[in-house]
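Following: one structure in structure tokens, then a few remarks.
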Amino acid sequence: MLLMLLAIAVVLTTNRWLSERFTETTRNRAELRLALYSGNIISELQRTSVVPLLLADDPAIRDALVKSNFIGTTLRLIEVQREIGVASIMLLDRHGFAVGATNRNVLGASHRSAPYFVDALRSRDTVFSASPQEGGGFDFTYSRVIEANGQILGAIVVAVDMMKHERAWAGLQDAVVVTDSAGTVILATNSSWRSKPIDQALTSVDSASALDRALKNATEWAQNPPDAYLSGEAVLRTEARVPFQGWRMLTFTAYDSVRERVNGVIALEIMGFAILAALTFYLLSRRAWSQSMSFQRESAELRLLNARLSREIAEREKAQKNLEVAELTLAQSSKLAALGEMSAAVSHELNQPLAAMKTYLAGARLLLQRKRPDEALSSFQRIDDLIDRMGAITRQLKSYARKGGEAFEPVDMRACVSSALAMMEPQLKQRVVKITRTVPRQPVMVMADRLRLEQVIINLLRNALDATKDVKDPQIDLLLSLGETAILAVRDNGTGISEIGSVFEPFYTTKKPGDGVGLGLAISSGIVTDLGGRLTARNADEGGAVFEIQLPVLGTETKAAE
């Protein structure tokens, strides 16, 4: 790894240093070529700018305009073109019509609205114009008015041959661009760039080669970012000012020569490090072979240790399952213990209906003897009502003893509260406890197992009764509210909870030995969690404890799903 890190550091350093050095050399050469191109353009413009001044003072041309005799004018202009070497010459009369031209095809054409004619009339001096062509590109001309005795006779227009520079640049690897003061391309080795802003011209070329550029990024790593991209190739951009009307000249030189020279040196370095890496790997392989023997011995020991750990894990899992079974059995035993506490009070409650039934039967016998059957039927109806009451008491006792199922159904929590109070009625009658029940008028429907939910409420009531044993005026409040969730709060005015964080832990209890095992709240919390809600506990500000059962309300969407 150290050898690889060293190789990477050396290659990166060499690549960056050589790239900067060779790039600077390439940039200096590009600047020299740029100065040469710029000088050629200025020389051509200066040489052509003198021609309109010479022709404006030519007596033959002046006399032809005065006399409107243009028979030999075209021949004269062709002769001057050959001597000086300009692109073309055109003579316009004062109305803008071509009366003489080296290009005979434009004779007689009107140039009254052409920029070079309009600018010449306004300036009365030699003016330069760059007029856009219909097919792209520009016509570069010098124009000057011809006057005699203060009157304008016409204008002479001389075209500058700038295309020869483009033809000369076309044979080079560099891309050359000339822009005017507004940034519009007027000369370029790529004909599609003409008449476009320089940024738009370069973007139109780069967008077509975005994929190629992404593929070539792998060869340009660890070097300074290129100045620009042309056709997906990274190029070096060189820019210079042309001392003529704010023109600027740009050249784009490819990095190919730089990369070739840099890659050659890097290839030698990589080859040297590859040889060192091969030697290193050979030495390391010998060392690894000796270590593998010791690893085989250690692996055998680890397999033995793994087998022993597997046996221990199996034993622990078995013990855990036994513990879970014991907890379930203990929870059921806790419920049965509470059931035993209730049995005495329930038996007392059953004695009352039995005594009343005996009285009603005696009365019915007398009524039948006295031939009053209608009144006897009333006594029998009361006996039937007492039998239903005794059946309800025994059913409540039996339902509390069952473990409960997992059959969820829509349940009205108001009915659960009423059923729990009815089941706790024998214990509540043994003491003077003020019970306050506040429930909404509309049903409070939740999806739950009714038996298990009643068991939770009964357990909270039993805890509240135990908490108010030593209170002078015991009071238990049951508040059922309906909002986003259904909340049943069981509040007492007892001593409160000393360790609020441990109240739901198994086997935690504040009762005396024999009064409870500390599983009631833990089981109740598990039941409420299974129903999709939660059971919370807190101490009230005015004293006592508050237990809240929060369950999701059964809405229209839940009913439809069920």
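The values are calculated or read from the model by the stated rules, or taken from the named source; none is laboratory data. All values derive from a computational prediction rather than experimental measurement. Neighbour counts run over all protein chains shown; Cβ positions are idealised from the backbone, glycine included. With ligands, DNA and RNA removed, areas are computed over all heavy atoms of the protein, side chains included. Shrake-Rupley method; radii C 1.70, N 1.55, O 1.52, S 1.80 Å.
Considering the stretch 402-429, the residues that are of a type outside the set (Lys, Arg) and loosely packed, with under 12 Cβ neighbours inside 10 Å include one that is modelled with the highest pLDDT, namely Glu409. Against the numbered list (1) within 30 Å of Ala175 (Cα to Cα); (2) in a helix (DSSP H, G or I); (3) touching a residue at least 12 places away in the same chain (Cβ under 8 Å), Leu36 comes up short only at (3). Look through the stretch 1-20, keep the residues that are aliphatic (A, V, I, L, M) and surrounded by 16 or more Cβ atoms within 10 Å (Cβ to Cβ), and return whichever of them is nearest to Leu268 (Cα to Cα). Among them, the one singled out is Val11. The lone criterion from (1) buried (at least 17 other Cβ atoms within 10 Å of the Cβ); (2) modelled with pLDDT of 90 or more left unmet by Asn463 is number (2). In the stretch 439-455, the condition of being open to solvent by 50 Å² or more (accessible area, probe 1.4 Å), at pLDDT 90 or above and among the β-branched types (Val, Ile, Thr) is met by at least one residue. Put simply, of Gly526, Gly514, Gly501, Gly518 the only residue that is at pLDDT below 80 and assigned to a helix (DSSP H, G or I) is Gly501. Considering Val86, Val99, the condition of being within 25 Å of Val185 (Cβ to Cβ) and buried (at least 16 other Cβ atoms within 10 Å of the Cβ) is satisfied by Val86 alone.
Answer with yes or no whether Asn103 is without any contact (Cβ under 8 Å) to a residue 60 or more places away in the chain and farther than 30 Å from Arg29 by Cβ. Here the answer is yes, as Asn103 does meet what is asked.
Please specify each residue of the stretch 166-176 satisfying the condition of being of a type outside the set (Val, Ile, Thr), farther than 22 Å from Pro115 by Cβ and in contact with a strand residue (DSSP E or B) (Cβ under 8 Å, 6 or more places away or on another chain). Within the stretch 166-176, Trp169, Gln173, Asp174, Ala175 meet the criteria.
Rundown of residues vs (1) at pLDDT below 65; (2) farther than 30 Å from Gly520 by Cα, yes/no style:
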position	(1), (2)
Leu302	no, yes
Ala307	no, yes
Glu312	no, yes
Glu327	no, no
Gln332	no, no
Met342	yes, no
Val346	yes, no
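Got at least one residue in the stretch 50-66 being of a type outside the set (S, T, N, Q) and within 60 Å of the chain's Cα centre (by Cα)? The answer is no; no qualifying residue exists. Scanning the stretch 277-301 for residues that are more than 27 Å from Ala7 (Cα to Cα) and open to solvent by less than 100 Å² (accessible area, probe 1.4 Å) gives Ser290, Gln291, Ser292, Met293, Ser294, Glu298, Ser299, Ala300.
Scanning the stretch 533-557 for residues that are under 17 Å from Asp412 (Cβ atoms) and in contact (Cβ under 8 Å) with a residue 24 or more places away in the chain, which turns out most open to solvent (accessible area, probe 1.4 Å)? So, considering only residues that are under 17 Å from Asp412 (Cβ atoms) and in contact (Cβ under 8 Å) with a residue 24 or more places away in the chain, the one most open to solvent (accessible area, probe 1.4 Å) is Pro552.
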